[in-house]
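As structure tokens, the structure follows; a few thoughts come after it.
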Amino acid sequence: MLGSGLIQGLAVTAKNLVGSFHDPARYTNVEYPEVKTKLPEAYRNFPFLVTESASDPMGTLRCVACQICEKECPPQCIYIEKSKDKKPDATGKMQLFPAVFDIDTSVCMSCQICVEVCPFDAIKMDQVFEVATTSRFEALLLNRNQLAKPNTYYHSIHPTEAAEVDGRLAAERKAAEEKAKAAAAAKAAAAAAPKSATAAASATPPSTTPTPKPPAAPSAEAPKPPTPAA
Amino acid sequence: MSISDLSPLGAQGGSHVRAVHDEFHGDLLEVSMGPHHPSTHGVFRMIVTLDGETIVKLKPVFGYLHRNHEKLGENTSYLGSMPYTDRLDYLCSMTNNWAYAIAVEKLAGQPVPERAEYVRVILAEITRLLNHTCLAGFLMQDLGCSGTPLMYAFREREKILDLFESLSGSRMMCNYQRFGGCRVDPSADWLEGAKQLTDGYGQFLDEFEALLTGNEIIMARTQGTGVLSPELAVAAGVTGPMLRATGVNYDLRKTDAYGVYPRFDFRVPLGAHGDVYDRYMVRVLEMRESIKILQQALAGIPAGPIMDPKAKLRGFRPKAGEAYGRIEGPKGEIGFYLVSDGSPNPYRYRVRAPSFINLTILEDMCLGQTVADAVIILGSVDIVLGEVDR
Amino acid sequence: METAEQIRDRLLARFPGAEISVVTNPGAAAQHSLLLGHAHARAIAEFLRDDAPLKLDQCSNVTGIDWPEKKIVETTKVTVPDPAGGPAKVVEQKSERVQPGYLEVVYHLYSIAFRHGPVILRLRTGNRTDQVTVPSLTPVWRACEFQEREVFDLYGVKFEGHPDLRRILMWDTFKDHPMRKDYVEPDDYEWEPTPHGAVLEKAKAHYPTPPAAAIAPAAAPTPATGGAKS
């Protein structure tokens, strides 16, 4: 019968209209700014730098300024400058740290490649999305102070992944400690046997800087080429 | 009254509407539809010459979204191009990723573990559901069914995007496939979610079809509109649902038998007339077949590694050579042609974009039809301008 | 399906005197291709399309490749007899030759009727400047029409016999061919917060002091470190 298809279609819309008042499957809207949906754990948007402690973020950055992420970043939005001196990292080894670490979030496409290539678990994906600003360049260029977020924050946004990373780092730290212990034992043994003392001493890694210096003063990285206009 | 009377600048001065004098046909009108026209699905322009309401000539104008994607691909590493492929056809990032991964794997001779192949099939078929559902919604919007079918389609799309987000971290720019596997192993919870979606999708399709398929107005508008002959479709390189709607049985899932598709039992729906209605119906039937594939894949997915242990993420340098890899994307054959000279970046990186090639026969389908039909013919081609202009 | 060599032999039997050679692909894909001379290209393409055992009715992909001229240094070992009567010396002679550049058009053909492929055809231009004409295959496969236009637009290959050879992606008044390897992009540099490599060089040309130095005066990057980052 001509028109039966139309009537059938109208029945569907009527079912949806009525259903939207009592069936949550037919009314799926969320009134966004007032109500927010829960983000899935895997959600990613913009990278951040992981620090061990919340009180001393610049002293405990996991990043060692190896510049792998800078090289691999497809849109080239990461800018790193290595420090002149070294500080101990999570495993107690003396490492460089980034004197400058900038991410231009107006260019960043949140592809997560920096996170995948990082061998130190130092850069992870954030979950921020309400990041609108009023200036195009300056406010979206984040320096290392803005990028640094503590490990506890990482645990709060990606709990499963963070626990796995922490487990792996703890294992590495333990292995490093055991290695150091073994090296110390070897040294002691070498001291006991004076003949091989020189050989053992040269085998231990030489430390370039005996005391870790504090990172560069924050004032050194604040100004940007065009001074921020109001 | 002609269109030139409606132009705010009149017949003389209008930049987008111009009268063309021809001694045989009287006044022909040249109308520029787009690039900023709601019916063109983005920034696409058609220069249409009209005799009254009838189209006598149609010239597509491309390039408004051109960003030289291929040059970008030559300037970044193989891995670095993966997130850019998301941005080609931004509705189907999972299949774009797969097509690129399959081309690079061919180039480097990289094997893929079985579980990853299953995950790829699952994601590709979910992408097909997503694309075809959206397309049906957009097509109805072009026909003038403002809102309702599109909103129903987007309600379902949201469920799929939530699945993608919980697996890859992003709703549309998934960046999920890697050379030699996939980035994250889907958890049992995720697979359960995909199973629920698959089981519920048939019911949604029943409802969607009850709304649209039998509708007399849709039939009257779309049957016999924009007819494409199988001979022309083959000669012009048209692929995907557009080709199958003309009755040519050609589906790369069957012919190339890539991935683990030969293990699944599914059929290839074919059209008979090659008109807009057939293109719509072929897509709806394809979704039903996709559900069948999904049910088999989700039931049979094996345990095991998701990445080949020898696959390299950094310092990936395939040795010199070239490869053309292609898969059956939701829009047609999406292929990547790569030439390597042994360096970390591809020497040549070419995208064979299905919607670009399907669009080249637009004029042949539109000749003799009315302006309003040109809009739905364009809608039935299923274009995404990010891919057309690259 | 026949191999590239078999197709070549059959074509040579059918078109005596035609220039046809097999270009081997050393990669894992092993998709070998046929390099055609201009004179018989269209006749061969028509033959391949209608040939009963091949029936390559679909031209799937048409693309260009730019091969700029390349200096090749060849080392040959020459045995020089010792005039003093001693054992002959082996001397390495280095010869430099310039491999002329050319543009290449690649066609990927498949058969929908028999579901096989790809057969790959290649056409090469004489050089990259004035002899850039190749015969168009649009009269054989309609699919080539817009893709050949794209190759013309991005590479500057002229297709003889193409019905409508105009720019397609770039605008009509555009001068250069952007996909060529020696394409120089116009200097429309704006301010870039994180300049790298080539962009850094541009930034230096536009600003008296490099922006990198302004970001971190304490670190004071030299041009050498800036260049090393790229």
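Laid out as a table, the results:
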item: Failed condition for B:SER81, given (1) within 11 Å of chain A (Cβ to nearest Cβ); (2) in contact with a Leu (Cβ under 8 Å, 6 or more places away or on another chain); (3) not in a helix (DSSP H, G or I); result: (3)
item: Some residue of segment B:136-156 being among the aromatic types (Phe, Trp, Tyr), buried (at least 23 other Cβ atoms within 10 Å of the Cβ), part of a loop (DSSP other than H, G, I, E, B) and within 12 Å of chain A (Cβ to nearest Cβ); result: no
item: Test: C:VAL90 is within 12 Å of another protein chain (Cβ to nearest Cβ), among the β-branched types (Val, Ile, Thr) and assigned to a strand (DSSP E or B); result: no
item: Selection status of A:GLU41, in contact (Cβ under 8 Å) with a residue 40 or more places away in the chain, surrounded by fewer than 21 Cβ atoms within 10 Å (Cβ to Cβ) and within 9 Å of chain B (Cβ to nearest Cβ); result: yes
item: Complete set of residues in segment B:309-344 that are assigned to a loop (DSSP other than H, G, I, E, B) and at pLDDT 90 or above; result: B:PRO330, B:LYS331
item: B:THR246 vs. criteria more than 17 Å from B:GLU289 (Cβ to Cβ), more than 8 Å from every other protein chain (Cβ to nearest Cβ) and at pLDDT 90 or above; result: yes
item: Any pair with Cβ under 9 angstrom, 6 or more apart, that starts in segment C:140-152 at a residue that is facing chain B (nearest Cβ under 8 Å) and ends at one that is outside any helix (DSSP H, G or I) and basic (Lys, Arg); result: C:GLN147/B:ARG352
item: Segment C:111-131, residues that are crowded, with 17+ Cβ neighbours inside 10 Å and farther than 26 Å from C:ALA4 by Cβ; result: C:ARG128
item: Counted residues, segment A:189-219 - those being surrounded by fewer than 11 Cβ atoms within 10 Å (Cβ to Cβ) and modelled with pLDDT of 50 or more; result: 4
item: Sole residue being under 30 Å from C:GLN31 (Cα atoms), touching a residue at least 60 places away in the same chain (Cβ under 8 Å) and within 9 Å of another protein chain (Cβ to nearest Cβ), chosen from B:LEU88, B:LEU72, B:LEU107; result: B:LEU107
item: Looking only at segment B:359-390, and only at residues there that are among the polar types (S, T, N, Q) and either touching a strand residue (DSSP E or B) at 6+ places or on another chain (Cβ under 6 Å) or away from every other protein chain (no Cβ under 13 Å) (or both), the one that is surrounded by the fewest Cβ atoms within 10 Å (Cβ to Cβ); result: B:THR370
item: Those residues of segment C:31-58 which are part of a loop (DSSP other than H, G, I, E, B) and surrounded by 14 or more Cβ atoms within 10 Å (Cβ to Cβ), in sequence order; result: C:GLN31, C:HIS32, C:GLY37, C:HIS38, C:HIS40, C:ASP51, C:LEU54, C:LYS55, C:LEU56, C:ASP57
item: 2 or more residues more than 14 Å from chain B (Cβ to nearest Cβ) and surrounded by fewer than 17 Cβ atoms within 10 Å (Cβ to Cβ): qualifying helices (runs of 4 or more DSSP H) within segment A:59-158; result: A:144-147, A:151-157
item: The lone exception for B:ASN175 - which of (1) more than 9 Å from chain A (Cβ to nearest Cβ); (2) under 18 Å from the mean Cα position of the chain (by Cα) it fails; result: (1)
item: Criterion: away from chain A (no Cβ under 13 Å), within 30 Å of B:TYR64 (Cα to Cα) and at pLDDT below 80 - qualifying residue of C:ASP187, C:ASP176; result: C:ASP187
item: Counted residues, segment B:80-128 - those being among the basic types (Lys, Arg) and under 16 Å from the mean Cα position of the chain (by Cα); result: 2
item: Those residues of segment A:4-24 which are surrounded by 10 or more Cβ atoms within 10 Å (Cβ to Cβ) and in a loop (DSSP other than H, G, I, E, B), in sequence order; result: A:ASP23
item: Some residue of segment B:282-295 being within 18 Å of B:LEU139 (Cα to Cα), in a helix (DSSP H, G or I), of a type in the set (Ser, Thr, Tyr) and modelled with pLDDT of 90 or more; result: no
item: Condition broken by A:ALA176, with the remaining ones in (1) away from chain B (no Cβ under 14 Å); (2) within 26 Å of B:VAL184 (Cα to Cα) satisfied; result: (2)
item: Yes/no for C:LEU12 being more than 22 Å from B:VAL339 (Cα to Cα), within 12 Å of chain B (Cβ to nearest Cβ) and not in a strand (DSSP E or B); result: no
item: Hits in segment C:48-71 - residues which are farther than 25 Å from B:ALA323 by Cα and either in contact (Cβ under 8 Å) with a residue 24 or more places away in the chain or within 13 Å of chain B (Cβ to nearest Cβ) (or both); result: C:ASP50, C:LYS71
item: Criterion violated by B:ILE357 - all others in (1) in contact (Cβ under 8 Å) with a residue 40 or more places away in the chain; (2) hydrophobic (A, V, I, L, M, F, W, C); (3) touching a Leu at 6+ places or on another chain (Cβ under 9 Å) satisfied; result: (3)
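The values are calculated or read from the model by the stated rules, or taken from the named source; none is laboratory data. Model, not experiment: these values are computed from the prediction. Positions of Cβ are backbone-derived with ideal geometry, glycine not excepted, and every protein chain shown enters the neighbour counts.
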